[in-house]
Amino acid sequence: MLFGNLIMPWTKHVRTGRDLVRRAFDVANAIGDLAYATYSCNSLITNLLAAGDPLVDVQREAEEGLEFAEKARFGLVIDIIAVQLGLIRTLRGLTPIFGCFNDERFDELRVERRLSSDPMLARAACSYWMRKLQARFFAGDYVSAVEASVAAQHLLRAAPAYFETAEAHFYGALSHAASCDAALPAQYRQHVQAVTAHHRQLAIWAEHCPENFENRAALVGAEIARLEGRELDAERLYEQAIHAAHANGFVHNEAIAYERASAFYRARGFDEFAETYLWKSRACYARWGAEGKVRHLDQRHPHLRQEEPAPDARGTIGAPLEHLELATVLKVSQAVSGEIVLEKLLETLMRTAIEHAGAERALLILWREAEQRIAAEATTSSDTVIVQLRDEPVTASVLPETVLRYVLHTQESVLLDDAATLNPFSADPYIGQRQARSVLCLPLSNQAKLIGVLYLENNLAPRVFAPARIAVLTLLASQAAISLENTRLYRDLAEREAKIRRLVDANIIGIALWDFDGRIIEANDAFLSLVGYSREDLASGRMSWPELTPADWRAVDQRQFAELRATGRSAPVEKEYVRKDGRRAPVLIGSALFEGQRDAGVSFVLDLTERKRAEESLRQTQAELEHATRMQTLGELTASIAHEINQPLGAVVNNASACVRWLAAQNLEEARRSAALVIADGHRAADIIGRIRALAQKAPPPKDWLDLNATIRDVLALARSAAQRHGVAVETHLAEPVPLVRADRIQLQQVLLNVVINAIEAMSGVGDGPRQLVVQSDPDTVPGVRVTVRDSGPGLDPQHLDHLFDAFYTTKANGLGLGLAISRRIIEAHGGRLWARANVPHGAVFQFTVPIGSEEGA
Amino acid sequence: MTDAEALVFVVDDDAPLRASLENLLRSVGLRVAAFASAQEFLSSPRPEVPGCLVLDVRLPGLSGLELQQRLAAGDLAMPIIFITGHGDIPMSVQAMKAGAVEFLTKPFRDQDLLDAVHQALARDRAVREQRAKSEELHRRYRALTPRERDVLARVVTGLLNKQIAGELGTSEAAVKVHRQHVMAKMGAGSLAELVRMADRLGIPTPQV
């Protein structure tokens, strides 16, 4: 390390020693010699700084080194590296004030006080002053630079061999030389003496190591020549310095050389040269990574900015001007066209315009309800661009209205290189008040329609808005116009979509999007809760149309799809879904296909559960009412029948009693007469019954060819609500085809309904066993049909099996006991049989047969 | 009066039933008069013999219960046995409260009807006897002379002959004679009997 840092720089190019220094660090670290390791760190940084390596890399090394030193708690090195880091940071523009180390971590005054208070810290103090010298020099604060130089020189004894010493001489010389311009005669002489002294040292070193020192010595020599008025010498030496620095890769020294040369030419009135050299200097600083210095230059010389770095790139360095323009154009174009949100677009636009154009201030005027209003204002303050979105009317105090009106009227741009000079708009009060200098006003038009105006000004300098820039700005303007239109369209679209979204999310009605593959693409919460699925189910793609529709509703689905394909929409129709938990959900559903996308569509689904429930409740009430009415009628009927029958029965009893008494009185004649009366009364009773029966059957029962399967289905439909209510599952096994039978439809319906309802009611008492009703139809051996109804209820009491079909036999609390008796009579009237037996494992089986019958049969 | 003279009235619009009732009643030796409606019954003459009425509740025109009320209001009251084809409890209660003897539902046991008829006839006989006695008493009273009536009125108040003579302004001996005539004409065996008769006749106490 020692060799690398202390000896080699004096004879060989700085960079050659670097590897040694690095190796020194590795070895020292490996053997645990922390002191040496940390020394190596700071040596490395010195080396990097002297060599002009890209500052971003140097900063990283410095930060790592500082961390290492802090861990090693090596105060001296910490101090040294801290200052090095300070220099790097300020050069890179990371400190608030360029050229000053002060920031959150560093306080120059405090450090200086500490270092000067302790003689043991001389080495660190020396290092500090050297770096401060450099910093102040770059910042152009030559007074402070000279002070620092002097301070450093005093402490030089402590660090004679370090390469920083060389730098101290170099920068010290330059600082003194630069101070001469503003110096009083007495000071002037001192400065010249100092410069000369530094130069002598540099010249000696240059002899021993031209790689490192030729450029440094030459530059200082150039300065001396300048001061002595030897212009040609100065020119030559500046060139030498530039050249030597460039040849040896010292980009920072090249930059400094260019800069000093530029100042030299400017002072002598060679503005063109000065500009060129200054530009070149800026480019070199940029290459070095000294953003802070670059910005510093730009502020002093605004026209220097020929390109604007893209919002997130700081790396356009060293490329020729034309290439820069194209890249800029592309970046700008992309940045502006990429924004779809209005606020962000405005901000990007304004920032781009200011940075690219080099304006101090920019205004964007847009149309708002046929009025021109300021939509945004951007201003620069120190190095930052501040964009503020506004909505204010245009007034004479914010921009020159005459310029604006001209642009509005002609849709042409207006450029004033120097508003202070005489121009068509000189009379505008704004120009006089604000002392406007560079003014540029661009129209923003899209397809020949003017949608806004961009106003730029820079009142610090004239001719800021270079013609080349204007071309790019015009492009920017038209791009912006398009983008503004787009944002407006986008916002309209977003609003429309929001309206639709509100409908969907209001969850008044279930809405689902689907495609013909059966997938459900999207659904709102109302739909999901209707079918009992979660949002995760939807997202995972587990939901599909076919699954939601139970088998018995598939036909309805087919019809709907056919209608959709034909007309693009399907009218609302009732159907049922099967929910995730197996329950049925009655719904009303209407659908429509998407325009253009003919294989996907949207459905609106209304939950009918409540309505169905209400309907069911109504039906039940009606049924109960009918039943009650029937019961009442039956009661009335029974009373009437009873009365009718009691008459002849009473007569029978009386006559028979009389007959007995006549016999006792041995009056045979009267006895005979009485007996005859009894017989007559009995007949009369029979007649009455016959009349009553005839009353009930006013018309002879209509017999027709009947499909028993259809009858079974009808009856099961009637009984469905009862089955659902009692939780009974109904299964059918109907033989197809089944022969037609000649029968009274209503009577057979009655029989079936009676048997089925009996079964359902029997099962309503079953605990948690299965409640299953099975209805079967088969052709019978005697040509006809056999119907079987099986249930899983408690079954029949074997003791009462014989009485099952007797009239008035019932096990129900309020049953008449007529159902089965009547059913059997009906079946027997049709020529069939009705019987019952036990079901396995439990329950009952009722079967009846209906023969085909004939035309003549009754 | 014997049962043979009694007459049972039957009112029922059902002819066979009417005939059977008639048959039954005759078979136990009762005389029967049958009618098809309440109106027919009312418009036919009523012989002066013990009688009762076997009446169906439901009749065309005037109903059984209405007939009951009409009879009770008038002077033609006779014991009623209701028969009906319906087991109507409120109706039966109403009928019994209004004084019916029995309420039977068809078809009834023959014995039940016969028992009720006998009971009714007995009641009616008793009523008639009572009435006949009352009429006899009145007839006898009417046969008294005014003076005899005066004496009668005072005798039953417990006055002595002397007092009566004083009130009437006649002699005690005359009063004694009148008293004897009254006793004979009225047929009273004792003063106590005479007092009872006077009660039954409702003779007012004379003002002194």
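The values are calculated or read from the model by the stated rules, or taken from the named source; none is laboratory data. Just so you know, these numbers come straight off a predicted model, no measurement behind them. Ideal geometry is used to build each Cβ from the backbone, glycine not excepted, and the neighbour counts take in all protein chains shown. Surface accessibility is based on the protein's heavy atoms, side chains included, excluding ligands, DNA and RNA. Shrake-Rupley method; radii C 1.70, N 1.55, O 1.52, S 1.80 Å.
Read through the list (1) within 13 Å of another protein chain (Cβ to nearest Cβ); (2) within 37 Å of the chain's Cα centre (by Cα), then give the number of the only condition that A:Pro648 fails.
Every listed condition holds for A:Pro648 apart from (2).
Looking at segment A:177-195 only, could you name the residues that are of a type in the set (S, T, N, Q) and open to solvent by 100 Å² or more (accessible area, probe 1.4 Å)?
A:Gln190, A:Gln193
So which helices (runs of 4 or more DSSP H) are wholly in segment A:195-278 and hold at least 3 residues that are among the hydroxyl-bearing types (Ser, Thr, Tyr)?
It comes to A:251-267.
Considering only residues that are loosely packed, with under 14 Cβ neighbours inside 10 Å and either of a type outside the set (Asp, Glu) or over 29 Å from A:Ala639 (Cβ atoms) (or both), which ones fall in segment B:59-68?
B:Pro60, B:Gly61
Looking only at segment B:19-59, which residues are assigned to a loop (DSSP other than H, G, I, E, B), closer than 23 Å to A:Gln647 by Cα and more than 8 Å from every other protein chain (Cβ to nearest Cβ)? Before you say what the answer is, go through the steps one by one.
Filtering segment B:19-59 for residues assigned to a loop (DSSP other than H, G, I, E, B) gives B:28-30, B:36-37, B:43-50, B:57-59.
Checking which are closer than 23 Å to A:Gln647 by Cα leaves us with B:28, B:30, B:36-37, B:57-59.
Those that are assigned to a loop (DSSP other than H, G, I, E, B), closer than 23 Å to A:Gln647 by Cα and more than 8 Å from every other protein chain (Cβ to nearest Cβ): B:Leu30, B:Ala36, B:Ser37, B:Val57, B:Arg58, B:Leu59.
Only one of (1) loosely packed, with under 15 Cβ neighbours inside 10 Å; (2) more than 10 Å from chain A (Cβ to nearest Cβ) fails for B:Ala15. Which number is that?
B:Ala15 satisfies all of (1) loosely packed, with under 15 Cβ neighbours inside 10 Å; (2) more than 10 Å from chain A (Cβ to nearest Cβ) except (2).
Is there any pair linking a residue in segment B:136-162 that is aromatic (Phe, Trp, Tyr) to one that is part of a helix (DSSP H, G or I), with Cβ under 7 Å and at least six apart or on different chains, and which?
B:Tyr141/B:Leu201
Looking at A:Gln622, A:Gln597, A:Gln632, which one is out of contact with any helix residue (DSSP H, G or I) (no Cβ under 8 Å at 6 or more places or on another chain), under 30 Å from B:Leu59 (Cβ atoms), more than 14 Å from chain B (Cβ to nearest Cβ) and open to solvent by 30 Å² or more (accessible area, probe 1.4 Å)?
Checking each option against the conditions leaves just A:Gln632.
Identify, from the list A:Glu325, A:Glu291, A:Glu307, the residue that is among the charged types (D, E, K, R) and at pLDDT 85 or above.
Only one candidate qualifies: A:Glu291.
In this structure, is B:Pro16 more than 29 Å from B:Arg131 (Cα to Cα) and part of a helix (DSSP H, G or I)?
yes
I'd like the full set of residues that are of a type in the set (Val, Ile, Thr) and touching a residue at least 12 places away in the same chain (Cβ under 8 Å), limited to segment A:616-657.
Those that are of a type in the set (Val, Ile, Thr) and touching a residue at least 12 places away in the same chain (Cβ under 8 Å): A:Ile641, A:Ile645, A:Val652.
Every residue in segment A:661-685 that is in a helix (DSSP H, G or I), at the interface with chain B (Cβ under 8 Å from one of its Cβ atoms) and not aromatic (Phe, Trp, Tyr), please. Even if it seems obvious, please write down each step before you answer.
Here is the first cut: in segment A:661-685, the ones in a helix (DSSP H, G or I) are A:661-664, A:668-685.
Still in the list and also at the interface with chain B (Cβ under 8 Å from one of its Cβ atoms): A:661-662, A:670, A:673-674, A:677, A:680-681, A:684.
Of everything in segment A:661-685, those that are in a helix (DSSP H, G or I), at the interface with chain B (Cβ under 8 Å from one of its Cβ atoms) and not aromatic (Phe, Trp, Tyr) turn out to be A:Arg661, A:Glu670, A:Arg673, A:Ser674, A:Leu677, A:Ala680, A:Asp681, A:Arg684.
Does segment A:129-139 contain at least one residue that is under 22 Å from A:Asp233 (Cβ atoms), crowded, with 22+ Cβ neighbours inside 10 Å and of a type in the set (S, T, N, Q)?
no
Please enumerate the residues belonging to segment A:718-756 that are open to solvent by 40 Å² or more (accessible area, probe 1.4 Å), of a type in the set (A, V, I, L, M) and either in contact (Cβ under 8 Å) with a residue 60 or more places away in the chain or touching a Ser or Thr at 6+ places or on another chain (Cβ under 9 Å) (or both).
Result: A:Leu740, single match.
Tell me yes or no: at least one residue of segment A:516-531 is open to solvent by less than 50 Å² (accessible area, probe 1.4 Å) and at pLDDT below 85.
Scanning segment A:516-531 turns up at least one residue that is open to solvent by less than 50 Å² (accessible area, probe 1.4 Å) and at pLDDT below 85.
Checking the condition within 14 Å of chain A (Cβ to nearest Cβ) and either crowded, with 22+ Cβ neighbours inside 10 Å or under 25 Å from A:His683 (Cα atoms) (or both), which residue from B:Ile89, B:Ile83 passes?
Testing whether each residue is within 14 Å of chain A (Cβ to nearest Cβ) and either crowded, with 22+ Cβ neighbours inside 10 Å or under 25 Å from A:His683 (Cα atoms) (or both) leaves just B:Ile83.
Would you point out which residue out of A:Leu404, A:Leu399, A:Leu363 is part of a strand (DSSP E or B) and not charged (D, E, K, R)?
Details: A:Leu404 fails: part of a strand (DSSP E or B); A:Leu399 fails: part of a strand (DSSP E or B).
That would be A:Leu363, the only listed residue that is part of a strand (DSSP E or B) and not charged (D, E, K, R).
Among the candidates B:Ala77, B:Ala120, B:Ala126, B:Ala95, which residue alone is away from every other protein chain (no Cβ under 14 Å), open to solvent by 20 Å² or more (accessible area, probe 1.4 Å) and part of a helix (DSSP H, G or I)?
After applying the criteria, what remains is B:Ala126.
Select the helices (runs of 4 or more DSSP H) contained entirely in segment A:1-101, then report the ones holding at least 2 residues which are surrounded by fewer than 22 Cβ atoms within 10 Å (Cβ to Cβ) and modelled with pLDDT under 80.
Here the list reads A:8-11, A:18-31, A:34-51.
Within segment B:3-13, how many residues are within 17 Å of B:Phe41 (Cβ to Cβ) and either assigned to a loop (DSSP other than H, G, I, E, B) or of a type in the set (Gly, Ala, Ser) (or both)?
So in segment B:3-13, the residues within 17 Å of B:Phe41 (Cβ to Cβ) come out as B:6-13.
If we keep only those that are either assigned to a loop (DSSP other than H, G, I, E, B) or of a type in the set (Gly, Ala, Ser) (or both) as well, we get B:6, B:12-13.
Number satisfying all stated conditions: 3.
Residues checked against (1) touching a residue at least 40 places away in the same chain (Cβ under 8 Å); (2) open to solvent by 20 Å² or more (accessible area, probe 1.4 Å):
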{"residue": "A:Cys209", "(1), (2)": "yes, no"}
{"residue": "A:Glu214", "(1), (2)": "no, yes"}
{"residue": "A:Ala222", "(1), (2)": "yes, no"}
{"residue": "A:Glu228", "(1), (2)": "no, yes"}
{"residue": "A:Asp233", "(1), (2)": "no, yes"}
{"residue": "A:Glu239", "(1), (2)": "no, yes"}
{"residue": "A:Gly249", "(1), (2)": "yes, yes"}
{"residue": "A:His252", "(1), (2)": "yes, no"}
{"residue": "A:Arg266", "(1), (2)": "no, yes"}
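Just to be sure, is A:Ala245 touching a residue at least 12 places away in the same chain (Cβ under 8 Å) and either touching a strand residue (DSSP E or B) at 6+ places or on another chain (Cβ under 9 Å) or under 23 Å from A:Ala152 (Cβ atoms) (or both)?
Yes, satisfied.
Can you pull out the residues in segment B:98-109 that are away from chain A (no Cβ under 13 Å) and either part of a strand (DSSP E or B) or open to solvent by less than 20 Å² (accessible area, probe 1.4 Å) (or both)? Walk me through how you get there before you give the answer.
First pass over segment B:98-109, keeping only residues away from chain A (no Cβ under 13 Å): B:98-103.
Listed by number, the residues that qualify are B:Ala100, B:Val101, B:Glu102, B:Phe103.
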